[in-house]
Amino acid sequence: MPRRLTLLLVLLLGGTLVLGACSSSVLDEMGAADSPSQAPVQVTGAVGEPPALDYGTPYEVTRPGARSIWPGTGEPVVDGEPVLLNMYAEDGRDGSVISSTFIDAPAWYTMSPESLGTNLYDTLRGERVGARLLLVEEDDGVPVVLVIDVLPTRASGSEVPPVDGLPKVERSDDGTPSVTVPSDAAPPEDLVVQPLVRGSGPQVQVGQVVTMRFTAVRWSNGKVFDTTWSAGTRPQSATVGIGQLIDGLDQGLLEQTVGSQLMLVVPPSLGYGGTSSDLADQTLVYVVDILDAHYQVTDEEAVGGKDEGDGGKGKDGGERADDAPSDRADDAG
């Protein structure tokens, strides 16, 4: 592999993608009359799926730039706040895949130059959740064709009225949930799936990698035993319906929509019952924000039948979202 591509992979897979002169202003400059002509890149593919790129190879970057494939309609990205991205990059010399988060899970960053790199940070400024962007740049002689999807970092949608007898959930300004268990109510014997916020994204299906933020408490005393909302903690990801999660989450997340917040009340039989965990006899209350759901593609599928050449392929190595609550007792915290 040439040294220059190794450097590019370090930038892509290390979570700091440097994009030369790309910035928010480039979105306007792409159509400027005095700019040199550049061959178009066609981007197709549905929300939640890896994009398909169509362009002539070898691709020549006559000027770095970016354009919107579709705009976002969700919350704007905010300086200093988290940003969750699906990223797909090809080597324009031969169309080989440099990096794809669709092989694994979305990458978690802070909206800052230090986390994203100055130029990617500038490009994302002013964007909203739901946007898909195309960026092209030449990095040390390698033409990079990159697609970025801006994902939600918290639930957003229609509020669902609370239900009597269930725990009460309140959210702080940044979305952090707090759970109050009713002191005079017995825990339900069966799984309860109660939407709190109904998102407008696609439904979660068996076999998809779901990325989520959650807080989990014991019904018995309301104490938190696990959360991803503490400072510096990333969202977590797992494949749904194959036993990576406790049964209550495996069942409760199915057919819920991305962008939703759910309350799941999980009886011991669908939690850690029958294990040596100190949660074995506990009814558990999870409040889960569903941030993303996609079918995991293999390295071979990511390449899409193209010649791998020197481009190679790999996973985005940013602040990865992983290690979701599993069915193992030692994960119970």
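Limited to segment 68-81, what total is found for residues that are charged (D, E, K, R) and either touching a Gly at 6+ places or on another chain (Cβ under 8 Å) or surrounded by 14 or more Cβ atoms within 10 Å (Cβ to Cβ) (or both)?
First pass over segment 68-81, keeping only residues charged (D, E, K, R): 75, 79, 81.
Still in the running and either touching a Gly at 6+ places or on another chain (Cβ under 8 Å) or surrounded by 14 or more Cβ atoms within 10 Å (Cβ to Cβ) (or both): 75, 81.
Qualifying residue count for the region: 2.
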Restricting to segment 168-190, name every residue that is surrounded by 11 or more Cβ atoms within 10 Å (Cβ to Cβ), among the small types (Gly, Ala, Ser) and not in a strand (DSSP E or B).
Gly175, Ala185
Among the residues that make up segment 116-138, is at least one of them aromatic (Phe, Trp, Tyr) and without any contact (Cβ under 8 Å) to a residue 12 or more places away in the chain?
yes
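Return the residues of segment 163-211 that are basic (Lys, Arg) and over 22 Å from Asp292 (Cα atoms); say none if nothing qualifies. I'd like the intermediate steps shown before the answer.
Filtering segment 163-211 down to residues basic (Lys, Arg) leaves 168, 171, 198.
Answer for segment 163-211, where residues must be basic (Lys, Arg) and over 22 Å from Asp292 (Cα atoms): just Lys168.
State all residues of segment 204-235 that are open to solvent by 30 Å² or more (accessible area, probe 1.4 Å) and in contact (Cβ under 8 Å) with a residue 60 or more places away in the chain; if no residue qualifies, say none.
Applying the first criterion (open to solvent by 30 Å² or more (accessible area, probe 1.4 Å)) to segment 204-235 yields 205-206, 218, 220-221, 223-224, 226-227, 230-234.
Selection gives Gln205, Arg218, Ser220, Asp226, Arg234.
Please enumerate the residues belonging to segment 237-257 that are hydrophobic (A, V, I, L, M, F, W, C) and open to solvent by 20 Å² or more (accessible area, probe 1.4 Å).
Step one: of segment 237-257, the residues hydrophobic (A, V, I, L, M, F, W, C) are 238, 240, 242, 245-246, 249, 253-254.
Answer for segment 237-257, where residues must be hydrophobic (A, V, I, L, M, F, W, C) and open to solvent by 20 Å² or more (accessible area, probe 1.4 Å): Ile242, Leu254.
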Just checking, how many residues over segment 181-203 are small (Gly, Ala, Ser) and touching a residue at least 40 places away in the same chain (Cβ under 8 Å)?
3
Say we look at segment 280-293 and pick out the residues that are assigned to a loop (DSSP other than H, G, I, E, B) and under 27 Å from Ser172 (Cα atoms); which of these is most open to solvent (accessible area, probe 1.4 Å)?
Gln282
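To keep it simple, each residue is scored yes or no on (1) open to solvent by less than 40 Å² (accessible area, probe 1.4 Å); (2) modelled with pLDDT under 95.
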residue: Asp54; (1), (2): no, no
residue: Thr62; (1), (2): no, yes
residue: Ala66; (1), (2): yes, yes
residue: Val83; (1), (2): yes, no
residue: Tyr88; (1), (2): yes, no
residue: Arg93; (1), (2): no, no
residue: Ser99; (1), (2): yes, yes
residue: Ala107; (1), (2): yes, no
residue: Met111; (1), (2): yes, no
Residue pairs qualifying under the 9 Å Cβ cut-off, at least six apart or on distinct chains, with the first in segment 26-52 being more than 29 Å from Gly74 (Cβ to Cβ) and modelled with pLDDT of 85 or more and the second being aromatic (Phe, Trp, Tyr) and surrounded by 13 or more Cβ atoms within 10 Å (Cβ to Cβ), are Ala39/Tyr55; Ala39/Tyr59
Based on what the data block shows, is Gly165 assigned to a loop (DSSP other than H, G, I, E, B) and in contact (Cβ under 8 Å) with a residue 24 or more places away in the chain?
no
Going residue by residue through segment 129-146, is there one that turns out to be open to solvent by 20 Å² or more (accessible area, probe 1.4 Å) and within 15 Å of the chain's Cα centre (by Cα)?
yes
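Quick check on Gly199: is it crowded, with 19+ Cβ neighbours inside 10 Å, touching a Gly at 6+ places or on another chain (Cβ under 6 Å) and under 29 Å from Gly222 (Cα atoms)?
On the way: crowded, with 19+ Cβ neighbours inside 10 Å: yes; touching a Gly at 6+ places or on another chain (Cβ under 6 Å): yes; under 29 Å from Gly222 (Cα atoms): yes.
Yes.
The values are calculated or read from the model by the stated rules, or taken from the named source; none is laboratory data. Bear in mind the structure is a predicted one, so any value in this text is a computation, not a measurement. Counting neighbours? That spans all protein chains shown, and the Cβs are built from the backbone with ideal geometry, glycine included. The accessibility values were calculated without ligands, DNA or RNA, using every heavy atom of the protein model including side chains. Shrake-Rupley method; radii C 1.70, N 1.55, O 1.52, S 1.80 Å.
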